[in-house]
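Structure record follows, encoded as structure tokens.
The values are calculated or read from the model by the stated rules, or taken from the named source; none is laboratory data. Note that this is a predicted model, so its numbers are computed, not measured. Here the Cβ positions follow ideal geometry from the backbone for every residue, glycine too, while neighbour counts run over all protein chains shown. In case anyone asks, the SASA skips ligands and DNA or RNA and just uses the protein heavy atoms, side chains included. Shrake-Rupley method; radii C 1.70, N 1.55, O 1.52, S 1.80 Å.
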Amino acid sequence: MLVFATLVLSVTIGFSQSPNTLTAKEKAAGWKLLFDGKTIQGWHTYLRDTVGSKWQVKNGAIIFDPTQPESGGGDLVTNMVYENYELDLEWKISKGGNSGIIFDVQEDPKYDATYLTGPEMQVLDNIDADDNKKQTHLAGCLYDMAGDSTVSKPHPIGEWNQVRLIQNKGHLTFWLNGIKTFEGQMGSDEWNRMVANSKFSHKAFTNFAKVAKGKIALQQHPGSSEWRNIKILLL
């Protein structure tokens, strides 16, 4: 029995998928990797032509390293603009860490931050991060607009969390670790109500979430974050 169990285990491991790769089925369906596991090709620091030194690739993951010089900071954004898609990725956050996936980013010098135009799926250490006081600020939530602890179930610090984010003609659906954390339509009455009840109602956010199309950003924020298996399927 021990020999049989060992054989089964070996076969199972042999067929496991390596990080930052696509299966034959995914390739056939049209999935594309946004991170090759080795370089940050296809990305740049917001409003710059290069990638800041705080963003590095180590052990098959994009890592935000806050110990690097401040001049190397800024959110990391895709070179390409995306509209209707499914985005899948994995993230890890440091103890007390905070970050986010910001999308529909309109990269323009008149907007000095990605979050002025793009909504955010929150990335957070729900237990020790300073920004854990408000329910809509928990991991997986539509930041400052929707979600709470009943759907925010991140894995313990040091473990990977799985994200699935779909945008199709302005209809958004978020999943974190297989749990749906948000679904709604941008520009709808309900959406506008959520915006009005959030910090995005302030004058600085006049152009927030006005276009269901833009670049995708990984946010610089307190603590370190890691990202891998970033892939996209155009719809």
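Structure values in brief
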| read-out | value |
| --- | --- |
| Check on residue 69, surrounded by fewer than 18 Cβ atoms within 10 Å (Cβ to Cβ) and either modelled with pLDDT under 95 or among the aromatic types (Phe, Trp, Tyr) (or both) | yes |
| Residue 205 vs. criteria crowded, with 19+ Cβ neighbours inside 10 Å, of a type outside the set (Val, Ile, Thr) and at negative phi | no |
| Single unsatisfied condition, residue 173 versus (1) in contact (Cβ under 8 Å) with a residue 24 or more places away in the chain; (2) under 14 Å from the mean Cα position of the chain (by Cα) | (1) |
| Of all residues in region 165-188 being part of a strand (DSSP E or B) and charged (D, E, K, R), the one that is nearest to residue 210 (Cα to Cα) | 183 |
| First in region 206-227 and free of Cβ contacts under 8 Å to residues at least 60 places away in the same chain, second anywhere and open to solvent by 10 Å² or more (accessible area, probe 1.4 Å), Cβ under 9 Å, 6 or more apart | 206/116 |
| For residue 74: the one exception among (1) more than 15 Å from residue 218 (Cβ to Cβ); (2) open to solvent by 20 Å² or more (accessible area, probe 1.4 Å); (3) not aliphatic (A, V, I, L, M) | (1) |
| Unique residue being in contact (Cβ under 8 Å) with a residue 60 or more places away in the chain and not basic (Lys, Arg) when the list is 72, 60 | 60 |
| Within region 95-141, tally of residues that are open to solvent by less than 10 Å² (accessible area, probe 1.4 Å), of a type in the set (A, V, I, L, M, F, W, C) and not in a loop (DSSP other than H, G, I, E, B) | 7 |
| Failed item, numbered, when residue 222 is tested on (1) out of contact with any Gly (no Cβ under 7 Å at 6 or more places or on another chain); (2) closer than 25 Å to residue 97 by Cα; (3) open to solvent by 70 Å² or more (accessible area, probe 1.4 Å) | (1) |
